[in-house]
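S.K.: Structure incoming, see below.
The values are calculated or read from the model by the stated rules, or taken from the named source; none is laboratory data. Since the model is a prediction, treat every value here as computed from it, not as a measurement. With ideal geometry, Cβ positions are generated from the backbone for all residues, glycine too; neighbour counts draw on all protein chains shown. Just so you know, the surface numbers come from the protein's heavy atoms only, side chains and all, with ligands and any DNA or RNA stripped out. Shrake-Rupley method; radii C 1.70, N 1.55, O 1.52, S 1.80 Å.
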Amino acid sequence: VTPLPPPPANDECAGAISLTVNNDGSCSLVATGTQAYSTQSLAPCINTGAPAIDSWFKFVATASTHRITVSPVSYRDKIFQVYSGSCNNLVSVACVNSGGSNESDVVLLNNLTPGNTYYIRVYDYYGNTGDSEFTICINSNTALIDNNECSGAINVTVASFPIFTPGYT
């Protein structure tokens, strides 16, 4: 019998990993995280009956609006919570579980104070810790989805051959 490895450095708020904000709508700067060997820091913001085994991140707001996207690397369902304040005095700003299993969770945060530090706590809906890797991206996009406005329209390619559905002409 061997003991488990120690929890990661970002197992608690005080060890939160600093994230860089993409100052455009891209996710060219993205971080990878995991809950492997982590512990539960706080009660879950969405009670699923599973422990909220979490890892912590932080960022400095560069604008009053930021979009945060957490995407599972493997077939998992992530939840994340955003806080203002300090580790000794956290104030919940958002609790996010907008996607399902193997889907990204996204939130558009408004009314942020540029220059202030915000904390993000990520955990798994089912309490999984093994292969629970995820990516996290913060950008200054002001739309919840990229094609929400005409300027973000997605080009659709028209088929070059006719498509016939039986019974229709």
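S.K.: Residues in region 1-55 that are open to solvent by less than 30 Å² (accessible area, probe 1.4 Å) and modelled with pLDDT under 90: how many?
M.R.: Count: 2.
S.K.: Now for a separate question. Being modelled with pLDDT of 95 or more and either open to solvent by 40 Å² or more (accessible area, probe 1.4 Å) or aromatic (Phe, Trp, Tyr) (or both) is the filter here, so list the residues in region 71-81 that pass it.
M.R.: Hit for region 71-81 is 80, nothing else.
S.K.: Take the residues in region 52-94 that are part of a loop (DSSP other than H, G, I, E, B) and small (Gly, Ala, Ser), then tell me which one is nearest to residue 129 (Cα to Cα).
M.R.: The first filter runs over region 52-94 and keeps only residues part of a loop (DSSP other than H, G, I, E, B), leaving 52, 61-65, 73-77, 87-88.
Now restrict to residues that are small (Gly, Ala, Ser): 52, 61, 63-64, 74.
Numbers: 52: 10, 61: 29, 63: 33, 64: 33, 74: 12 Å.
By that ranking, first place goes to 52.
S.K.: Taking into account only those residues within region 98-122 that are at pLDDT 95 or above and of a type in the set (Ser, Thr, Tyr), which is least open to solvent (accessible area, probe 1.4 Å)?
M.R.: Among those that are at pLDDT 95 or above and of a type in the set (Ser, Thr, Tyr), it is 118.
S.K.: Related question: Restricting to region 123-135, what's the tally of residues that are assigned to a loop (DSSP other than H, G, I, E, B), open to solvent by 10 Å² or more (accessible area, probe 1.4 Å) and of a type outside the set (Asp, Glu)?
M.R.: Applying the first criterion (assigned to a loop (DSSP other than H, G, I, E, B)) to region 123-135 yields 125-133.
When the remaining residues are screened for being open to solvent by 10 Å² or more (accessible area, probe 1.4 Å), the result is 125-131, 133.
With of a type outside the set (Asp, Glu) added as a condition, the list becomes 125-130.
Counting residues in region 123-135 that are assigned to a loop (DSSP other than H, G, I, E, B), open to solvent by 10 Å² or more (accessible area, probe 1.4 Å) and of a type outside the set (Asp, Glu) gives 6.
S.K.: Being closer than 13 Å to residue 134 by Cβ and out of contact with any helix residue (DSSP H, G or I) (no Cβ under 9 Å at 6 or more places or on another chain), is that true of even one residue in region 2-9?
M.R.: No, the conditions are met nowhere in region 2-9.
S.K.: Being modelled with pLDDT under 90 and small (Gly, Ala, Ser), is that true of even one residue in region 82-89?
M.R.: Kept after step one, since they are modelled with pLDDT under 90, are these residues of region 82-89: none.
Within region 82-89, none of the residues are modelled with pLDDT under 90 and small (Gly, Ala, Ser).
S.K.: Could you please find all residues in region 20-47 being in a loop (DSSP other than H, G, I, E, B) and closer than 19 Å to residue 5 by Cα?
M.R.: To start, the set of residues in region 20-47 that are in a loop (DSSP other than H, G, I, E, B) comprises 20-21, 23-30, 34-39, 41-47.
Result: 34, 35, 36, 37, 38, 39, 41.
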